[in-house]
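Nothing in this text is a laboratory measurement; each read-out follows from the coordinates by a stated rule. The model shown is predicted, which means the values in this text are computed figures rather than measured ones. No Cβ is skipped: glycine too gets one built from the backbone with ideal geometry, and neighbour counts run over all protein chains shown.
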Number of protein chains: 2
Amino acid sequence: MKTYAIVGTGALGGFYGAKLQRAGLDVHFLLNSDYQHVKQSGLVIESIDGDFTLPSVNAYDRACRMPACDVIVICLKTTHNRLLPDILPNLVKSDSVILVLQNGLGTEAAIAKILPDRAIVGGLCFICSNKVAPGRIHHLDYGEIKLGAYADGYQATPITQMMAEIATDFRNAGVAISLCADLLLVRWQKLVWNIPYNGLSVVLNATTDRLMADPHTSVLVAQLMHEVKLAASACDRDISEEFIEQMLAYTLKMKPYRTSMKIDYDSGRPLEIAAMFGTPLQFAHDRGVELPLVGMLYQQLQFLNAAALPAKNYLPGDEIY
Amino acid sequence: MKTYAIVGTGALGGFYGAKLQRAGLDVHFLLNSDYQHVKQSGLVIESIDGDFTLPSVNAYDRACRMPACDVIVICLKTTHNRLLPDILPNLVKSDSVILVLQNGLGTEAAIAKILPDRAIVGGLCFICSNKVAPGRIHHLDYGEIKLGAYADGYQATPITQMMAEIATDFRNAGVAISLCADLLLVRWQKLVWNIPYNGLSVVLNATTDRLMADPHTSVLVAQLMHEVKLAASACDRDISEEFIEQMLAYTLKMKPYRTSMKIDYDSGRPLEIAAMFGTPLQFAHDRGVELPLVGMLYQQLQFLNAAALPAKNYLPGDEIY
């Protein structure tokens, strides 16, 4: 039976970790501000799939107190990735796998520098969930994960036995999971959605439905998606016109949705700008492709992020890439 | 002695009209919501150049009650230009001149369609002034006007005798004024400043100093200015790199400034998007030049404008171009 370390017990880590523990796996949760509460009271999951409570979990406030685990699941916001060089060495064995459940681009490559000899798997989560109180996660919808192994420079690479075993654990825990041989393609595909909606929702103070209902911003969303397609293409990854059409049609049908970046902004948290905008722009730029509209959105978000956050809470370079 | 009609007695029209009347000219003011107040109490000008009061002015609530005048000064916001076809025919004689003191592009061409046989002069006002109460104008700084005659298709055209006479009237009234033979060049030059600062101040809720202090938005401002330069170039008007550098340096030294579009936005008034963004974009597009960043700013402003205004207060096409 595999052991799991959950690094960052919030909307994602709290939800998936609790599901794994409920399925009988040995799960260890790293917490920060919620540590005392969760150590005493455990985790409460309010989910459309059924509520449940774990009155007792293995809670830790410092990585050095945790056991080395088979699978290290990174559920931090990318804005806290500066902590990874201190956290990760405490948690790994020689055959540990690092599973990165974050948006954007670049964390796997950064972890490969910290732990050059460990297997790294990237995961994209298609989920609506929020932490509504310490140790209390509200899971509103969806939940699927897509996994892809990381190989040097994000080259496509076959699905491994270890990925299949992790997938089995998640499926046994009631989490839909799929495996793919091209992590970078999946990351670009998710960025097709994340870049326009996360960015514009913050800059224009809007939910997805309003961005789609307005004739000007619905066109702008599609233009931004096409720039992401161009960037993916510069990385030899093909995003079809049909995929973009599907994303637009899908969002048009969705219930009004406040994006994760908008929730961060409204909560006074730093925005995941580097992972979701900076590194994708850099990937494209390094391959000779500029993305003017995405670049402008990046500049606007940097301004709003800096304006919203006292300097002491957020330093340039907080996201390591 | 020339007679002047002031169409729109606000921050601009109230200020310049009062200066002309104080200098002894025969001035007629068209008002809307402030009509009763100004008819009874006149105009109060609080100016860095010296405060003054005009206890009695020729105030009108309808253009059809006004006398035809020699110079018709259009000081409406461009968002009210839909009113011009009803207003203007009441005010003109065979030799009247229409003086358009508005930002952006396109009003002169629109007026030429309403009054094909009248001389039209465009004017750019470099002034900080606000209407702070009915009939009460606060003039904070500057005040210069640049005039250029309108000729079909905005071609460059010589300075006329009539322009020189108008300039003399304004100078006698204490208003600095300069004449130029290329109205379109002057309009594009002012758009170099107006497009980035007016647009970004609304989208990012910021004064000019904050846009310049942030490393990301200060670059974005310069990028937007360079797109305006490209558009001007497509219209065979040259804006030099030095001019852009001067605008940036000038704004960096200015006191923190809330742009006119931001004041409109904060006051719940419709934004001058068509004149300041839509028509400039169209001018460039018609000449085969696209402005991606200005276009994105236009889309964002349209979204914010529509979101802020109840539909009854503002209809698409309110600005006639």
### Task
May I ask you to order A:220-230, B:192-202 by the average number of other C-beta atoms within 10 Å around their residues, highest value first?
B:192-202, A:220-230
### Task
Find every distance from the label point of A:Pro89 to the corresponding label point in the other copies (7 Å from Cα along Cα→Cβ) and write them in nm, one decimal, shortest first.
8.5
#### Entry: Three-way shape label, the protein assembly as shown, alpha-carbon gyration tensor, a/c 1.5
prolate
### Query
For segment A:3-181, with the dipole built from +1 on Lys and Arg beta-carbon atoms and -1 on Asp and Glu ones, taken about the Cα centre, which of A:Leu101, A:Gln40, A:Phe170 lies farthest toward the positive end?
A:Gln40
## Note on the structure
One point scatterer per Cα, no solvent, Debye formula: log10 I(q)/I(0) for segment B:1-43 at q = 0.18, 0.22, 0.23, 0.25 Å⁻¹ comes out as -0.45, -0.67, -0.73, -0.85
### Query
What is the helix-to-structure angle for A:215-234, meaning the angle in degrees between its Cα long axis and the longest Cα principal axis of chain A, kept from 0 to 90 and rounded to the nearest 10?
70
### Message
Mean-square fluctuation check for chain B, GNM, Cα pairs under 10 Å: which of B:Thr53, B:Thr259, B:Thr78 is largest?
### Response
B:Thr53
### Cα-Cα separations in segment B:242-285 greater than 15 Å, expressed as whole percent
62
## Note on the structure
Hydrodynamic calc, chain A: Kirkwood Rh from Cα pairs, then Stokes-Einstein at 25 °C with viscosity 0.890 mPa s, so D in µm² s⁻¹ is 123
#### Entry: With Cα atoms, 0 to 90° folded angle of helix B:183-203 axis to chain B main axis
70
### Task
Would you mind working out the magnitude of the charge dipole of chain B relative to its Cα centre, with +1 at each Lys and Arg C-beta and -1 at each Asp and Glu C-beta, to the nearest 20 Debye?
740
### Query
Roughly how crowded by other chains is peptide B:290-301, in terms of the mean Cβ count from those chains within 10 Å of each of its Cβ atoms?
5
### Summary
Under the rule rounded for a/c under 1.5, else prolate if a/b exceeds b/c, else oblate, using alpha carbon gyration tensor axes a ≥ b ≥ c, segment B:169-235 is classed as oblate
### Task
DSSP loop (so not H, G, I, E, B), at most 13 other Cβ within 10 Å: list which trypsin sites (Lys or Arg not before Pro) in segment B:1-79 pass both filters.
B:Arg62
### Task
Between A:Gly104, A:Gly50, A:Gly268, find the one with the highest GNM mean-square fluctuation for chain A; connect C-alpha pairs within less than 10 Å.
A:Gly50
### Query
Based on the alpha-carbon gyration tensor of segment B:162-206 and its eigenvalue square roots a ≥ b ≥ c, which shape applies: rounded if a/c is under 1.5, prolate if not and a/b is larger than b/c, or oblate?
oblate
## Note on the structure
The helix A:241-253 Cα axis meets the longest alpha-carbon principal axis of chain A at an angle in degrees, between 0 and 90 and rounded to 10, of 70
### Neighbourhood charge, 14 Å Cβ-Cβ cut-off, centred on A:Lys253 and excluding it, Lys, Arg +1 and Asp, Glu -1
-2
#### Entry: Axis-nearest residue of A (beta carbon) for the A-onto-B rotation, whole Å
A:Pro292, 2
### Query
What is the distance in Å between the Cα centres of segment A:27-50 and segment A:81-110?
21
